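Taking it in order: structure first as structure tokens, then the write-up.
The values are calculated or read from the model by the stated rules, or taken from the named source; none is laboratory data. Note that this is a predicted model, so its numbers are computed, not measured. When we count neighbours, we look across all protein chains shown, and the Cβ atoms used for this are built from the backbone with ideal geometry, even at glycine.
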Amino acid sequence: TKHSTPPLSGRLAELVGARLVFGGALVTASCITFFIPLAARSSSGALIAVRVLLGLSEGATFPSTHALLATWAPPLERSVLSTIIYAGSQAGTIVAFPLSAAIIDGLGWEAVFYIEACMTLVWCLAWFLVVADTPDKDTHMTQVEKDYITASLADSKDKKTSPVPWRSALTSLPFWAILVAGLGNNWGFYTLLTDLPLYIKNMLHQDIKSVSFTLYILTLPLPPHTHIHARSITTVNNSSILQALS
């Protein structure tokens, strides 16, 4: 479900600001996370519904990140900054396994959702205090830094927005190859995340700490999620659509 909201949230980030959309999405996701234990104890249908809402809220994070990159990252540094940002999703997975295992072992599985939701809300508070939509609105950087970023983005802002080449994309073999590869990567990755812990615990009869450590080791060699950034794409609309399809 998190792949269904990027096109709309990308446009929303353009209209009201990526800071609000990204922060609001995480605040919403954190609040929904509080209800996961209650939904799990209630019924499978309630749990599925809550998880769908969680996915919809999280779907706004990537396109709003694109919006921030469009207004903050100098073109020649955008690829590097994007790689660092998106590598964070993989790093979060690596850190979450042993952290969640320790919480479950000490406080129970419900505590994982409560504690990590609270941690996210604290992070969101810092986000709203520190992050600004544009360099001009930032109060934590020097004027020299603002001038450098603004000057580097001047050419991009002057370029006319091109329409999305839907026909060319949908009839392009490389496009479909990337799409299928992305779907396969996501399917394998999330299957690994959801089924491997059960296999190690139920079939190999290891405790939760051993499971988390094993998954930690197995996750390390996984390559970061591949994102293709064309230098000719300078608008949030086009990059949001590409993200939704990736």
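Residues satisfying the criterion are present in segment 141-153 (criterion: among the acidic types (Asp, Glu), out of contact with any Pro (no Cβ under 6 Å at 6 or more places or on another chain) and modelled with pLDDT of 85 or more). Of all residues in segment 74-92, those that are without any contact (Cβ under 8 Å) to a residue 40 or more places away in the chain and within 17 Å of SER152 (Cα to Cα) have Cβ atoms under 8 Å from Cβ atoms of residues that are of a type outside the set (Lys, Arg) and surrounded by 12 or more Cβ atoms within 10 Å (Cβ to Cβ), 6 or more apart or on another chain, in LEU81/LEU69; LEU81/ALA73. The condition of being under 20 Å from the mean Cα position of the chain (by Cα) and closer than 17 Å to GLY17 by Cα holds for only one of ALA60, ALA91, ALA117, that being ALA60.
Does segment 177-191 contain at least one residue that is closer than 20 Å to ARG19 by Cβ and loosely packed, with under 15 Cβ neighbours inside 10 Å? Within segment 177-191, none of the residues are closer than 20 Å to ARG19 by Cβ and loosely packed, with under 15 Cβ neighbours inside 10 Å.
Inside segment 119-153, can you point out the residues that are touching a residue at least 24 places away in the same chain (Cβ under 8 Å) and either surrounded by fewer than 12 Cβ atoms within 10 Å (Cβ to Cβ) or in a helix (DSSP H, G or I) (or both)? Passing the criteria: THR120, LEU121, TRP123, CYS124, TRP127, PHE128, PRO135, TYR148, ILE149, SER152. Within segment 63-81, identify whether any single residue is surrounded by 17 or more Cβ atoms within 10 Å (Cβ to Cβ) and β-branched (Val, Ile, Thr), and answer yes or no. Yes, segment 63-81 contains a residue that is surrounded by 17 or more Cβ atoms within 10 Å (Cβ to Cβ) and β-branched (Val, Ile, Thr). If the condition is being surrounded by fewer than 10 Cβ atoms within 10 Å (Cβ to Cβ) and under 18 Å from GLY92 (Cα atoms), then segment 192-209 contributes only THR194.
May I ask you to verify whether ALA96 is buried (at least 19 other Cβ atoms within 10 Å of the Cβ) and either closer than 24 Å to VAL130 by Cβ or touching a strand residue (DSSP E or B) at 6+ places or on another chain (Cβ under 6 Å) (or both)? Judged against the criteria, ALA96 is not a match.
Annotation: VAL131 fulfils all but one of (1) modelled with pLDDT under 90; (2) farther than 30 Å from PRO197 by Cα; the unmet one is (1). Looking across LEU193, LEU173, LEU153, LEU183, one residue alone is more than 22 Å from ALA67 (Cα to Cα) and either in contact with a helix residue (DSSP H, G or I) (Cβ under 9 Å, 6 or more places away or on another chain) or of a type in the set (Ser, Thr, Tyr) (or both). It is LEU193.
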